[in-house]
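Encoded as structure tokens, the structure appears first; notes follow it.
The values are calculated or read from the model by the stated rules, or taken from the named source; none is laboratory data. This is a predicted model, so every value here is computed, not measured. Note that we place each Cβ from the backbone using ideal geometry, even for glycine, and neighbour counts take in every protein chain shown.
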Amino acid sequence: MSGAKRIGVFGGTFDPVHIGHLIAASEVRNHLGLDEVLMVVANSPWKKAGRDVAPPRDRFEVLCAALEGCEGLTASDLEIKRGGASYTYETLEQLKSDLGPVELFMIVGSDLADELVTWEHSESLKDLATLVVVSRPGAELPTILLGWQMVNVEVPLIGVSSTDIRSRIRDGRPIDFLLPRSAVNKITSLGMYTGAS
Ligand code: ATP
Ligand code: MG
């Protein structure tokens, strides 16, 4: 084996995961020839403070169910194990020290491109990974982000969000095909998103 492994790091609340996330992860892996894409479940998403988020272990279990049999896409509970607020720069630093020689690719949707400057230690993030921005409906791909080594990847535009899925479950509307059946079954067995929680 020659050279460092090329690893994609796709962080999210995944509350719950849906086909928009899964298609983006798979497309980026293929497009950039990555060995693996780690889908990292945020323990406590500091950007979403103030709204109810499902327990991290439940979100992780749903993600694991969704990824069954998906070669090259792996659910990571590294931020859950670390506990506390989930800062991406800590995650990337941890991966660098845990995995040995790696080249990291930090994947975000185009809706987040403008807010990257507000992330904790955004300056050090720039040295830790190449930024990969995937297209998402409603937000243009950025032409340039100052200081970042950046790649845009056009992926099929999927107008699905976790917010929409949560409200569909609450209202008893269908979620079929918006996420894999295995993930739907896990949500049902855990009793997620149905009521007050
Ligand atoms: P919520 O509605 O709760 O914010 P979400 O659908 O935006 O959920 P997140 O967990 O917030 O999902 O997003 C994790 C990452 O996935 C972010 O980088 C986001 O931009 C990206 N992403 C989410 N949905 C899509 C989509 N449909 N297409 C492309 N990227 C997406
Ligand atoms: Mg979001």
If I ask for residues that are under 10 Å from the mean Cα position of the chain (by Cα) and outside any loop (DSSP other than H, G, I, E, B), which ones from the stretch 21-47 would you list? His21, Leu22, Ala24, Ala25, Val37, Leu38, Met39, Val40, Val41
Can you find a residue in the stretch 76-86 that is within 14 Å of ligand 2 (Cβ to nearest atom), over 25 Å from Ile175 (Cβ atoms) and not hydrophobic (A, V, I, L, M, F, W, C)? yes
With criteria (1) surrounded by fewer than 13 Cβ atoms within 10 Å (Cβ to Cβ); (2) assigned to a loop (DSSP other than H, G, I, E, B), Asp114 comes up short on (2)
Reported set for the stretch 119-158 where residues are surrounded by fewer than 13 Cβ atoms within 10 Å (Cβ to Cβ) and within 13 Å of ligand 2 (Cβ to nearest atom) is Gly138
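Listed here are the residues, each with its yes/no results for (1) at pLDDT below 95; (2) more than 15 Å from ligand 1 (Cβ to nearest atom); (3) out of contact with any strand residue (DSSP E or B) (no Cβ under 9 Å at 6 or more places or on another chain).
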| residue | (1), (2), (3) |
| --- | --- |
| Ile7 | no, yes, no |
| Gly11 | no, no, no |
| Phe14 | no, no, no |
| Glu27 | no, no, no |
| Glu68 | no, yes, yes |
| Glu79 | no, no, no |
Can you report the number of residues in the stretch 89-116 which are at pLDDT below 95 and within 12 Å of ligand 1 (Cβ to nearest atom)? 4
In the set Leu67, Leu63, the lone residue that is within 16 Å of ligand 2 (Cβ to nearest atom) and in contact (Cβ under 8 Å) with a residue 24 or more places away in the chain is Leu63
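Just for the stretch 117-127: of the residues that are in a loop (DSSP other than H, G, I, E, B) and of a type outside the set (D, E, K, R), which one is farthest from ligand 1 (Cβ to nearest atom)?
His121
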